[in-house]
């Protein structure tokens with residue numbers, strides 16, 4: 001298992017897309033921090049970019065890599081190795097590479113310009129999103145055999161989490177604006193890991209006041225120890241459940 005992880009990790013670090021992704025994140029981070037009048041404003045601007053770019057690259061690149069590695073995976077399956085260990089090794093290798101790329105591209109500049117709790121929150125959010133969307137990509141690639149359909153579904157899921165989900169929430173708010181649904185918004189936000197990270201960041205940079213009464217509800221929940229613990233568990237479930245389902249499916253799949 002360790003040999004497979006090392007092989008996948010080393011292969012990914014040499015991948016041109018990973019190198020470009022790291023350099024792109026690093027260039028964007030340095031540029032944003034230098035352009036903004038304060039590092040806190042730079043953090044907010046960088047957050048808006050990360051919430052779109054990191055999930056997109058993580059889910060699309062991981063899906064393509066897994067589909068392109070089909071022959072390698074078939075070779076591993078033909079060996080006296082447990083399928084569960086093979087799939088877990090691929091996941092750990094992919095997730096590790098995406099996290100290292102993010103740390104080099106965003107983590108280092110953030111620590112240089114804004115080594116605060118807000119900066120650490122941004123880094124933690126990016127790492128969580130990287131792992132979560134690699135996990136989702138694992139489920140897609142094992143569930144859908146056709147490469148073009150799988151990548152298409154990956155793009156659709158990214159569009160849903162990054163754009164459509166917020167539009168549906170706004171529609172929900174408009175339709176039920178006469179009812180006290182602020183508490184329900186906390187539960188709804190848990191259905192989207194991108195929204196969870198966004199709320200956490202807004203609370204850290206003290207912009208929740210811009211969200212009005214709903215912002216106060218979020219602050220009262222996410223700002224408590226219990227709320228943070230529940231949120232951490234939800235984020236962990238977002239990372240664990242898709243890859244756990246993919247392992248179960250991979251063990252039964254006829255390759």
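How many residues, within the range 12-40, are part of a helix (DSSP H, G or I), in contact with a helix residue (DSSP H, G or I) (Cβ under 9 Å, 6 or more places away or on another chain) and without any contact (Cβ under 8 Å) to a residue 12 or more places away in the chain? Explain how you work it out, then say what you get.
In the first step, residues of the range 12-40 are kept if they are part of a helix (DSSP H, G or I); the result is 12-13, 16-35, 39-40.
Checking the rest, the ones that are also in contact with a helix residue (DSSP H, G or I) (Cβ under 9 Å, 6 or more places away or on another chain) come to 12-13, 17-19, 21-30, 32-35, 39-40.
Checking which are without any contact (Cβ under 8 Å) to a residue 12 or more places away in the chain leaves us with 19, 27, 34-35.
The total comes to 4.
How about the range 229-252: which of its residues are surrounded by 14 or more Cβ atoms within 10 Å (Cβ to Cβ) and at pLDDT below 85?
The answer is 230, 231.
Just the residues that are in contact with a helix residue (DSSP H, G or I) (Cβ under 7 Å, 6 or more places away or on another chain) and more than 26 Å from residue 155 (Cα to Cα), please, taken from the range 59-106.
Scanning the range 59-106 gives 76, 77, 83, 84.
Quick check on my filter: what residues within the range 103-118 are part of a helix (DSSP H, G or I) and surrounded by fewer than 24 Cβ atoms within 10 Å (Cβ to Cβ)? So that I can check it myself, show each step before the final result.
Restricting attention to the range 103-118, the residues satisfying the condition of being part of a helix (DSSP H, G or I) are 103-113, 117-118.
103, 104, 107, 108, 109, 111, 112, 113, 117, 118 - these are the residues of the range 103-118 that are part of a helix (DSSP H, G or I) and surrounded by fewer than 24 Cβ atoms within 10 Å (Cβ to Cβ).
Please determine whether any residue of the range 6-17 is buried (at least 17 other Cβ atoms within 10 Å of the Cβ), more than 23 Å from residue 145 (Cα to Cα) and within 22 Å of the chain's Cα centre (by Cα).
Just the residues of the range 6-17 that are buried (at least 17 other Cβ atoms within 10 Å of the Cβ), to begin with: 8-9, 12.
Pick out the ones that are also more than 23 Å from residue 145 (Cα to Cα) and you get 9.
Right, trim to within 22 Å of the chain's Cα centre (by Cα) and you get 9.
Yes - at least one qualifying residue is present in the range 6-17.
Looking at the range 198-211, can you tell me whether even one residue there is surrounded by 14 or more Cβ atoms within 10 Å (Cβ to Cβ) and either at pLDDT 90 or above or within 18 Å of residue 239 (Cα to Cα) (or both)?
yes
State which residue is surrounded by the fewest Cβ atoms within 10 Å (Cβ to Cβ) when the search covers only the range 41-64 and only residues that are under 17 Å from the mean Cα position of the chain (by Cα) and free of Cβ contacts under 8 Å to residues at least 24 places away in the same chain.
In this case the residue turns out to be 48.
The values are calculated or read from the model by the stated rules, or taken from the named source; none is laboratory data. This is a predicted model, so every value here is computed, not measured. Note that we place each Cβ from the backbone using ideal geometry, even for glycine, and neighbour counts take in every protein chain shown.
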